[in-house]
Structures are given as structure tokens and as C-alpha cells.
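Just so it is clear, none of the values below were taken in a lab; they were calculated from the coordinates. Because the structure is a prediction, the values reported are computed rather than measured. Positions of Cβ are generated from backbone atoms using ideal geometry, with glycine treated the same way; all protein chains shown enter the neighbour counts.
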Amino acid sequence: MGRKLRQLNILNYMELIFRFFHILFLSVTVIISSFAQKKPDNEGWIQLFNGKDLKGWDIKIKGCALNDNYKNTFRVEDGLLKVRYDEYEDFDNRFGHIFYRGIFSHYKLRVEYRFVGEQVAGGAGWAFRNNGVMIHGQTAESMELGQDFPVSIEVQLLGGIEGEKRSTGNLCTPGTNVEMNGRLIEEHCINSNSKTFVGDQWVTLEVEVEGGEVIRHFINGEEVMHYEKPQLDPRGKFYNKLLPADGNKIITKGTISLQAESHPTDFRKVELLNMGDDCYE
């Protein structure tokens, strides 16, 4: 009888130990799973715009020296990076760009923007609710004094006009070309298949850049166009100046800049996910 009791006690003790380790295993699994689920969605994203000032950015406006912020065109107010013309009497073709300092090749870029207010006097009709994000661009320092736009790939931003279809996240090519489906595209602008966004609503643009290979545009999470092999256009005024010594016209890297083309624009987020060995400040 005593022997049976001892055997029973041993079995109970072993069962308790088994249950303890089983519960411990489940607890550790739950904790690990919880940490994985709580991993922030924005981990690894670099905030190019800090919401407070223009630190890390260079300004180049046509006809002005580098970092001459003509008539306070680019400013930070209410946590927004704003393009404004309230100090202008006339636009006078003062095309402007604000460059983030760094050279990038493989990355995702996310920008939240909206158009506001009225276009400044003297702005071109095509520039109504028109702005752009320039990628794979030349540096601000290399631009000439009277140069309109950096040689780059432009992700064109357009605000809608009531009753008209007007896509955004389009492609324009100042001094460049691309390929689509194996065909060289020499047209200056190609429309995306995005929806039209009328009014002052916020829109989210994402650009996925794979060096000199593929570039994709997304609007509010939906892919609206893609193309391949961004390259310098031999017809361009600055082709010889920017063509590298090895003669390869494929553009694999460059600057990122935001435009000022005569219509007031707000940017509340400019962030980048580095997917390569790019440098930044």
C-alpha cells in the first residue's frame, strides 16, 4: 500500500512539472507573439521633414543663389512644410525646388500633400494645382542660376478640377527618359491611372525606387504606374554635363526634391525607408 502511494505521488509530481513547463512555454510564446504584433509599422522610416524647420534641406529658386529662399517661398508653419506666394507680386517663372541633402538609389518615399488657396498671379495655366516630387535628380549645387528644373524624374502631383478627370502621381521627365514595357518613352509627361482628387484633401504618394531598374508610383496605397531604366536624355541641354565618365546614361541614384511651381501646397509628411546603402544626414 505504501509503495503504491509513493508511486502515485511521483506520478502526480511529474504531472505538475509537466504542466508547469507547458504553461511556461505557452506564456513565452504569447509574449514573443505580442512583441511581434506590437512592432511599429514605421520602423526604419527616416523623417526627412522634422515638422519644425528646414534643417537638412537646400533651396534653389530660378535666378537666385543656392539657399536664397526668395520671398519666403518655402517655410514651416503649423507643423507643415508650406510652399507659399503671399509675398510675390508676380510669379515671373521663379520655379523653385527644396532638396533634401543626400544621394539615394534604393528606397521607398512617402509624401502626404494637399493643394490650397489660389495660384499666384503670373503662374502658367498648366501649373494650376500642380507640384512635383523630383527623384534621381542632380544636386542643388550643380544647377545653373537660370535653370528651371533639375534634371530628374518627376513624380507629378496634380489637384483635381471639378468635372474633369485629372490624375496625380504622373510621370514627367525634365532632361530624362524612361522605358515602359521595353519601349523607350520620349514624351515629356505620361499620366497615371489614379483617381481624381478635387479640393484641399490630403493625398498620400508613395514611390518605390530600385536604382536604375524599376520605379513604381502609388496613390493612397494603390499602384498607379511603373516604368524602368530611368536615363539621361541625349537631347537634353545638360546631357554632356551630367553624363558620367563611363558613358552610362542609366540613372541609378540622385537627389530628392519638392517643387514650387506657382500653386500653394502643403506637405505634412516626407519620409523615406532606406532599402540600400544610401547616405543621408
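Taking other Cβ atoms within 10 Å as a rough exposure proxy, Ser167, Ser142 sort from fewest to most as Ser142, Ser167.
Based only on other Cβ atoms within 10 Å, what is the fewest-to-most ordering of Trp45, Trp57?
Details: Trp45 16, Trp57 22.
Going from least to most buried by this count: Trp45, Trp57.
The label point for Glu223 and the one for Ala124, both projected 7 Å from the Cα toward the Cβ, are 3.1 nm apart.
Taking 0.36 nm per residue of separation and subtracting the Cα-Cα distance, full extension of the segment from Tyr239 to Asn50 would add 64.6 nm. A protection proxy built from the mean count of other Cβ atoms within 10 Å ranks the segments 77-87, 253-263, most packed first, as 253-263, 77-87. Each label was represented as a point 7 Å from its Cα along the Cα-to-Cβ direction; for Thr204 and Glu141 these points are 3.6 nm apart.
Taking other residues whose beta carbon is less than 11 angstrom from the beta carbon of Gly221, and scoring Lys, Arg as +1 and Asp, Glu as -1, yields -2.
Counted residue by residue at 0.36 nm each, then reduced by the alpha carbon distance between them, the extension gain from Asn93 to Asp246 reaches 51.6 nm.
Please give the FRET efficiency for Arg101 paired with Glu164, using the beta carbon to beta carbon distance and R0 = 45 Å, rounded to the nearest 0.05. It comes out at approximately 0.75.
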